[in-house]
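Beneath this line is the structure, given in structure tokens, with notes to follow.
Read-outs: derived from the displayed coordinates by stated rules, not from any lab. Note that this is a predicted model, so its numbers are computed, not measured. No Cβ is skipped: glycine too gets one built from the backbone with ideal geometry, and neighbour counts run over all protein chains shown.
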There are 2 protein chains.
Amino acid sequence: MLILLDQDGVLADFERGFHEAWDTRMGNLHPALPLEQRRAFYVRDDYPDTYRNEVEAVYHAQGFYRDLPVISGAIEAIQALLEFGHDVRICTSPLNQYRFCLPEKYEWVERNLGPDFVHRMIVTKDKTVILGDVLVDDKPSVTGTRTPAWQHVIFDQPYNRQADGPRMTWENWNAVLGTVRTFDGKH
Amino acid sequence: MLILLDQDGVLADFERGFHEAWDTRMGNLHPALPLEQRRAFYVRDDYPDTYRNEVEAVYHAQGFYRDLPVISGAIEAIQALLEFGHDVRICTSPLNQYRFCLPEKYEWVERNLGPDFVHRMIVTKDKTVILGDVLVDDKPSVTGTRTPAWQHVIFDQPYNRQADGPRMTWENWNAVLGTVRTFDGKH
């Protein structure tokens, strides 16, 4: 299978990075929302409008994307997928404020998955023009200009629980991706 | 049609940028090779091995990609393609030394095609996993892990004249892309 993995919220722990950076900067005024209480896909939509600029300042900051922790189990699962013979790519959309985010997403991959893995990066705002069997993404609905070739598997997060469809974590990925392979009729 | 345009050597004038930067830095020791004498796809392969580090230093430098001039006619052709109703994307591979090159490719597009055009960027080392009808690329042979959906149209440059296949410039693009549309049987 050609497996596309979204980066933030699937491999890189955006939520933990945001939580810690927010508490350092703003915790006295408004403590960070616990992960289990997050409901909106975009973190800014879960904070009061008056803090919009402060929320964006956290993830626009130099070093934020580079220093995100790894979501537990992700690296080991990628190694296993490669050993099973699957073709694994990272398929990520940059912020409109791309200056730091864009090279730091590459730095993150270099640091956590090794320099050769950088060649597996695909950066695009429109994931529907990328070929694949599966896209693992924490976004509840991934849309674009085309009908995608891939099947969307939702990477489980508290803020996407309202969405229907196959859903996985780095604990149950093997069973869930196995099901997808049966469903799509090609494997 | 979904038209993928390579960035360097098709839209951004890497050759002119390199020539000018080389002559400024190194012209006294070894004048830049005139464009019509360029034969290798990678500029470093057209300079003596002893200058390898100096050649790479030119395009690894901060600001090099950001400040590349536009290839004459490219912007007007893109506007015309969009007006004809085609879907146009930029499909580009970053250097392994991505730190400056990667955000500066976006800056270049923002500056020369406008901020909205940045959403049309696709960054990948492997262009064969990108859907498209046509890929316009100055590389003589564009390969990857798959059989591509797109047909490769070579963007004419002195260093790719040995390659066979449809070939275009920003003077004759309309006639050449019209031929491709007939050939692929879908239009």
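For the protein assembly as shown, the alpha carbon positions stretch 63, 49, 42 Å along the principal axes, listed from largest to smallest.
Need one value for A:80-89: mean number of C-beta atoms belonging to other chains within 10 Å of its residues' C-beta atoms. Spell out each step's value before the answer.
Numbers: counts 0, 0, 0, 0, 0, 0, 0, 4, 0, 5.
Average neighbour count from other chains, rounded to a whole number: 1.
Across the copies of the chain, A:ASN96 has label points (7 Å from Cα along Cα→Cβ) spaced 3.7 nm apart, shortest distance listed first. Our analysis of segment A:54-187 gives Rg over Rh at 0.95, with the two radii drawn from alpha carbon positions and Rh computed by the Kirkwood formula. Structure remark: mean-square fluctuation, Gaussian network model of chain A, C-alpha springs under 10 Å; the largest value among A:ASP137, A:ASP23, A:ASP116 belongs to A:ASP116.
In nm, to one decimal, how far is the B:ARG25 label point from the A:ASP116 one, both placed 7 Å along Cα→Cβ? Each label point is offset 7 Å from its Cα along the Cβ direction, giving 3.0 nm.
Report, as a whole number in µm² per second, the diffusion coefficient that Stokes-Einstein gives for segment A:14-60 at 20 °C and 1.002 mPa s using the Kirkwood radius over alpha carbon pairs. Intermediate values should be presented prior to the final figure.
Numbers: Rh = 10.6 Å.
Stokes-Einstein gives a translational diffusion coefficient of 202 µm²/s.
Take each residue in A:125-132, count the other chain C-beta atoms within 10 Å of its C-beta, and the mean is 5. Counting Lys and Arg as +1 and Asp and Glu as -1 over every other residue whose Cβ lies under 13 Å from the Cβ of A:GLU171, the net charge comes to -1. Taking label points 7 Å from Cα along the Cα-to-Cβ direction, A:ARG52 and B:ARG99 give a separation of 3.6 nm. Here is the P(r) of segment B:1-79: all C-alpha pair distances, binned every 10 Å from 0, give 16, 49, 25, 8, 1 in whole percents.
Applying the criteria of a DSSP loop state and at most 16 other Cβ atoms within 10 Å to the trypsin sites (Lys or Arg not before Pro) of segment B:16-50 yields B:ARG39. For A:VAL134, the residues 5 or more places off, or on other chains, whose built amide H falls under 5 Å of its own are A:LEU2, A:LEU4, A:GLN151. Compared with the alpha-carbon gap, the fully stretched path from A:GLN151 to A:LYS125 is longer by 7.6 nm at 0.36 nm per residue.
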